[in-house]
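J.: This is the structure, below, for whatever I ask next.
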Amino acid sequence: MERTFSIIKPNAVAAGHTGKIIDSILERGFRIVAMRMVYMSRNTAAKFYAVHYGKEFYGRLLDFMSSGASVVMLLEREDAVNELRMLAGHTDPAQAEEGTLRRHFGESVTRNGIHAADGVENARREAALFFTEDDIMDAGYFPS
Ligand code: ADP
């Protein structure tokens with residue numbers, strides 16, 4: 001089992017797509033082990049996207065991520081990182097394949113609907129910005 005971190009971004013939440021995106025993620029075989037709706041501060045967005053500091057789109061990205069409610073999720077399944085990246089699709093919704101979340105729920109490169117962590121270590125670091133130990137369900141919580 002592997003864990004990955006995801007965010008339903010403000011454009012998708014505002015457009016009322018939260019439920020459909022969660023359904024797609026569950027249908028893909030993920031278990032949600034932590035989930036919360038957040039109104040991200042610009043400061044938290046800056047920490048989250050620190051790797052992009054200095055890039056042309058950085059300011060726009062922080063404005064967008066702190067513009068409204070998002071849903072943050074810690075997700076679990078085999079090969080979770082790759083599976084979620086595939087379900088999310090290309091960063092640019094215009095280049096994302098049919099059937100991907102960004103193709104359906106993305107509006108532009110910045111407002112692309114969903115975040116999918118690019119590795120296990122980054123997923124852990126990102127999740128730590130939003131979840132404490134008590135927010136995270138362990139396997140015993142779920143009846144088999
Ligand atoms: P991904 O989210 O697909 O892993 P990156 O880590 O490169 O992509 O970028 C993080 C986020 O920053 C993207 O999901 C998107 O919202 C935004 N972004 C990336 N590149 C651009 C760009 N060229 N112009 C505007 N926004 C961008």
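The values are calculated or read from the model by the stated rules, or taken from the named source; none is laboratory data. Here the structure is a predicted model, which means the values were calculated and not measured. Every residue, glycine among them, receives a Cβ derived from its backbone with ideal geometry; neighbour counts consider all protein chains shown. Remember, those area values only see protein heavy atoms, side chains included, never the ligands or the DNA or RNA. Shrake-Rupley method; radii C 1.70, N 1.55, O 1.52, S 1.80 Å.
J.: Give ALA123, ALA127, ALA34 a once-over and let me know the one that is in a helix (DSSP H, G or I), within 29 Å of MET1 (Cα to Cα) and away from the ligand (no atom under 14 Å from the Cβ). Walk me through it before giving the result.
T.: Details: ALA123 fails: away from the ligand (no atom under 14 Å from the Cβ); ALA34 fails: in a helix (DSSP H, G or I).
The conditions single out ALA127.
J.: Further, regarding this structure: Please determine, by comparing only the residues of segment 11-29 that are open to solvent by less than 10 Å² (accessible area, probe 1.4 Å) and touching a strand residue (DSSP E or B) at 6+ places or on another chain (Cβ under 9 Å), which one is nearest to MET137 (Cα to Cα).
T.: Here the answer is ILE25.
J.: If you don't mind, there's one more thing I want to ask. Which one is farthest from the ligand (Cβ to nearest atom), of the residues in segment 42-79 that are assigned to a loop (DSSP other than H, G, I, E, B) and open to solvent by 50 Å² or more (accessible area, probe 1.4 Å)?
T.: GLU78
J.: Output the residues belonging to segment 80-109 that are surrounded by fewer than 16 Cβ atoms within 10 Å (Cβ to Cβ) and either near the ligand (Cβ under 9 Å from one of its atoms) or of a type in the set (Gly, Ala, Ser) (or both).
T.: THR91, ASP92, ALA94, GLY99, SER108 - these are the residues of segment 80-109 that are surrounded by fewer than 16 Cβ atoms within 10 Å (Cβ to Cβ) and either near the ligand (Cβ under 9 Å from one of its atoms) or of a type in the set (Gly, Ala, Ser) (or both).
J.: Oh, and also: Within segment 80-119, track down each residue that is part of a loop (DSSP other than H, G, I, E, B) and β-branched (Val, Ile, Thr).
T.: Correct list: THR91, THR100, VAL109, THR110.
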